[in-house]
Amino acid sequence: MNWLNTQNRYGTLSIALHWLMLLLFIAVYACIELREFFPKGSEPREAMKTWHFMLGLSVFTLVWLRLLLRLLSFTPRIEPEPPKWQHVSAKLMHGALYVLMIFMPLLGWLMLSAKGKLIPFFGLQLPALIGESKAAAELIKEVHEIGGTAGYILIGLHAAAALFHHYVAKDNTLSRMLPKRNS
């Protein structure tokens, strides 16, 4: 078991972080979507929002570890080598996903700050990033919601590209990021 990436495949740490981030994304989106099933101001609705905030901030925390690992490690090669346009597309997609993982939680934190609300993080209360401002809160909320929709699209495109590479291009793009099977 290699913890770090090699020339041929991602290491256990990269693979674990990748799939953990996916699970966090699913949970973040589920919390904010499922809150709609509960009446405004109800305890379950508020709990869903709180979990949305905390899980979003968990994405923000872990993305820095992913970026550090990405800077310090190899990116395994794709075989057979895809066309240059696919490399460029992949870099743009990964860049957009990293922007999403950094700025969406920051926007959420800014929005809570502007609303004058507490910023919960697993028993901690994080400091406000800006002062209270209803106008700022509304603007940030709009941008955050647009980013959330963009996130659905980016994540869907990322998954579709992985499946395309696996089933159509028949390269090792997806298999490099899957846990190694014992044969």
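The residues of region 8-27 that are surrounded by 14 or more Cβ atoms within 10 Å (Cβ to Cβ) and either of a type in the set (D, E) or part of a loop (DSSP other than H, G, I, E, B) (or both), listed by number, are R9, Y10, G11.
Screening A150 on (1) in a helix (DSSP H, G or I); (2) touching a residue at least 24 places away in the same chain (Cβ under 8 Å); (3) surrounded by 15 or more Cβ atoms within 10 Å (Cβ to Cβ) shows it passes everything except condition (3). You will find that of V99, V63, V59, V88, the residue that is more than 16 Å from the chain's Cα centre (by Cα), at pLDDT 95 or above and hydrophobic (A, V, I, L, M, F, W, C) is V88 and no other. The number of residues in region 152-179 that are within 17 Å of the chain's Cα centre (by Cα) and among the hydrophobic types (A, V, I, L, M, F, W, C) comes to 9. Inside region 71-128, residues that are under 22 Å from Y29 (Cβ atoms) and either touching a Cys at 6+ places or on another chain (Cβ under 8 Å) or touching a residue at least 24 places away in the same chain (Cβ under 8 Å) (or both) make up a count of 22.
Against the test of being under 23 Å from V99 (Cβ atoms) and surrounded by fewer than 13 Cβ atoms within 10 Å (Cβ to Cβ), the options L57, L67, L72, L62 yield a single qualifying residue, L72.
The set of residues from region 36-76 being within 18 Å of N5 (Cα to Cα) and of a type in the set (V, I, T) comprises V63, T75. Residues that are assigned to a loop (DSSP other than H, G, I, E, B) and either at negative phi or at pLDDT below 95 (or both) within region 154-182 comprise D171, N172, T173, L174, L178, P179, K180, R181, N182, listed in sequence order. Just a yes or no: is a residue in region 28-35 among the hydroxyl-bearing types (S, T, Y), surrounded by fewer than 15 Cβ atoms within 10 Å (Cβ to Cβ), farther than 24 Å from R181 by Cα and modelled with pLDDT of 95 or more? Within region 28-35 (the criterion being among the hydroxyl-bearing types (S, T, Y), surrounded by fewer than 15 Cβ atoms within 10 Å (Cβ to Cβ), farther than 24 Å from R181 by Cα and modelled with pLDDT of 95 or more), the answer is no, since none of the residues qualifies. The requirement of being small (G, A, S), in a loop (DSSP other than H, G, I, E, B) and over 26 Å from L20 (Cα atoms) is satisfied by A128.
The values are calculated or read from the model by the stated rules, or taken from the named source; none is laboratory data. Everything numeric in this text was worked out from a predicted model, so none of it was measured. Ideal geometry is used to build each Cβ from the backbone, glycine not excepted, and the neighbour counts take in all protein chains shown.
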